[in-house]
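The values are calculated or read from the model by the stated rules, or taken from the named source; none is laboratory data. Quick caveat, the model's predicted, so the values are computed rather than measured. Neighbour counts are summed over all protein chains in view; Cβ atoms, including those assigned to glycine, are modelled from backbone coordinates with ideal geometry. Just the protein is used for accessible areas: all its heavy atoms, side chains included, with ligands, DNA and RNA removed. Shrake-Rupley method; radii C 1.70, N 1.55, O 1.52, S 1.80 Å.
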Amino acid sequence: QVQMVESGGGSVQAGGSLRLSCVTSASIFRISNMNWHRQAPGKQRESVASITIGGTTDYADSVKGRFTISKDIDKNTLYLQMNSLKPEDTAVYYCNGVDVFGSDYWGQGTQVTVSS
């Protein structure tokens, strides 16, 4: 499986929570560092969270303490748990994998809208 298949986006009020999911193939998932990116209207795409093959995580300062990236290797699924959502979190969120051979895989994107 080359593509990432995303789900979980939606519309919530400020302070609410969402969990995004991205399903991959086992062969790709096992050898890939995984990331969540987002792009808001009129803004550049930015990386918000990453998790390495070994499980090391990192977050953008803007989401640190509110978002949690995780993965379930048995289910070939990447997650982004988003809590305490703010209007400025509104964006299209993309999952991304970069495998050990340098191949780059992207999901189709899922819209997250946070209202005041």
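Data for the structure
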{"quantity": "Point-to-point label distance, THR68-ARG30, nm (Cα→Cβ direction, 7 Å offset)", "calculated": "2.7"}
{"quantity": "Zero-based 10 Å bins, Cα pair distances in the chain, whole percents", "calculated": "15, 50, 29, 6, 0"}
{"quantity": "Lysine pairs with alpha-carbon atoms under 24 Å apart, the chain, spacing 8 or more or separate chains", "calculated": "4"}
{"quantity": "Heavy-atom accessible area per residue - the chain, 1.4 Å, Å²", "calculated": "52"}
{"quantity": "Inter-label distance for ILE53 and GLN3, nm, one decimal - labels placed 7 Å from Cα along Cα-to-Cβ", "calculated": "2.6"}
{"quantity": "Region 29-62: trypsin sites (Lys or Arg not before Pro) in DSSP loop, at most 14 other beta carbons within 10 Å", "calculated": "ARG30, LYS43, ARG45"}
{"quantity": "Residue among GLY55, GLY65, GLY102 with the largest mean-square fluctuation in a Gaussian network model of the chain, springs linking Cα atoms under 10 Å", "calculated": "GLY102"}
{"quantity": "Dipole of region 6-116, positive end: most advanced residue of TYR105, ILE73, SER84 [Cβ charges, Cα centre]", "calculated": "SER84"}
